[in-house]
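Please treat every number below as a calculation from the coordinates, not as lab data. Only a predicted model underlies this, so the values are computations on that prediction, with no experimental measurement involved. FYI the Cβ positions are ideal-geometry reconstructions off the backbone, even for glycines, and counts take in every protein chain you see.
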Amino acid sequence: NAGVTQTPKFRVLKTGQSMTLLCAQDMNHEYMYWYRQDPGMGLRLIHYSVGEGTTAKGEVPDGYNVSRLKKQNFLLGLESAAPSQTSVYFCASSPSGYQRAFFGQGTRLTVV
Amino acid sequence: GNSVTQMEGPVTLSEEAFLTINCTYTATGYPSLFWYVQYPGEGLQLLLKATKADDKGSNKGFEATYRKETTSFHLEKGSVQVSDSAVYFCALSERYGGSQGNLIFGKGTKLSVKP
């Protein structure tokens with residue numbers, strides 16, 4: 001049982017390039033989340049989804065877009081990467097708002 | 001909006017010492033509360049949770065009680081071990097309303113336990 005899988009695990013981008021991070025879960029969870037983790041800042045919610053076809057903004061959505069076309073996948077896009085987006089990105093999924101979330105292993109992104 | 005505030009770290013303790021990590025929250029509805037733990041190089045894992053007022057979550061010797069009157073969910077352990085060294089995150093998730101599903105975290109508290 002794979003759980004939550006993030007692709008890729010590492011990436012280096014040049015300023016202005018675009019990329020998409022993929023999160024896939026095989027637990028049939030309704031809720032999915034994208035976070036960024038920076039030193040001293042904890043996990044900050046970028047966007048989340050409470051079901052297929054839905055998305056909502058979190059605390060730090062600027063510079064990112066998301067899509068949830070299939071229930072099992074949640075994509076995070078960076079249209080024009082900036083050095084401020086250098087971070088570790090975590091995806092998570094949950095059956096509901098009052099049950100535990102399952103986390104992926106993270107994607108370390110560096111923008112130079 | 002909703003928020004979670006937890007004590008600043010790092011916290012350094014000797015093995016078998018008592019641990020408290022304070023967590024308070026602000027929420028508009030009826031949140032569920034969680035403690036997650038992150039070991040180096042890994043994603044977050046659920047440590048314990050509580051879904052309503054006065055519930056006590058417990059796991060691996062850790063405990064936390066959902067206190068609605070003080071909007072707190074402090075993490076405690078009576079005797080820490082070196083293997084408890086990690087970063088601990090307090091979190092809340094709204095169960096209903098316009099912010100349903102909004103799962104937010106505190107900044108994390110790094111715990112180091114010395115032999």
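Of the chymotrypsin sites (Phe, Trp or Tyr not before Pro) found in the stretch B:41-115, the ones in coil according to DSSP and having at most 16 other Cβ atoms within 10 Å of their Cβ are B:96.
Pull out the extension gain between residue B:5 and residue B:79, defined as 0.36 nm times the separation in residues minus the alpha carbon to alpha carbon distance; nm, one decimal. Mind dumping the intermediate values first?
On the way: separation 74, 0.36 × 74 = 26.64 nm, distance 2.42 nm.
Computed gain between residue B:5 and residue B:79 is 24.2 nm.
Pairs from the table (A:9/B:60; A:9/B:52; A:70/B:60) lying more than 32 angstrom apart at Cα are A:9/B:52; A:70/B:60. Under the rule that an exposed site lies in a DSSP loop and has at most 14 other Cβ atoms within 10 Å, name the longest stretch of chain A with no trypsin sites (Lys or Arg not before Pro) of that kind, not counting the sites themselves. Here the longest run is A:15-69. Here the Karplus curve 6.51 cos²θ - 1.76 cosθ + 1.60, taken at θ = phi - 60°, turns the phi angles of the stretch B:79-92 into couplings of 8, 7, 10, 4, 5, 7, 4, 4, 9, 10, 10, 8, 8, 9 Hz, with x standing for Gly and Pro. Below 14 angstrom from the Cβ of residue A:67, what's the summed charge of the other residues (Lys, Arg +1; Asp, Glu -1)? Once all neighbours under 14 Å are counted, the net charge is +2. The stretch A:48-85 and the stretch B:25-49 have Cα centres separated by 21 Å. Annotation note: GluC sites (Glu not before Pro) in the stretch A:1-104 located in DSSP loop regions with a Cβ neighbour count of at most 14 within 10 Å are A:52, A:79.
Rounded to the nearest 20 debye, the dipole size of the protein assembly as shown about its Cα centre is 380 debye, using +1 on the Cβ of Lys and Arg and -1 on the Cβ of Asp and Glu. Calculate, for residue B:12 and residue B:58, the FRET efficiency according to 1/(1 + (r/R0)^6) with r their C-beta to C-beta distance and R0 35 Å; round to the nearest 0.05. The computed FRET efficiency comes out at 0.90. Model label sites at residue A:73 and residue A:56, defined 7 Å from Cα along the beta-carbon direction, differ in position by 2.4 nm.
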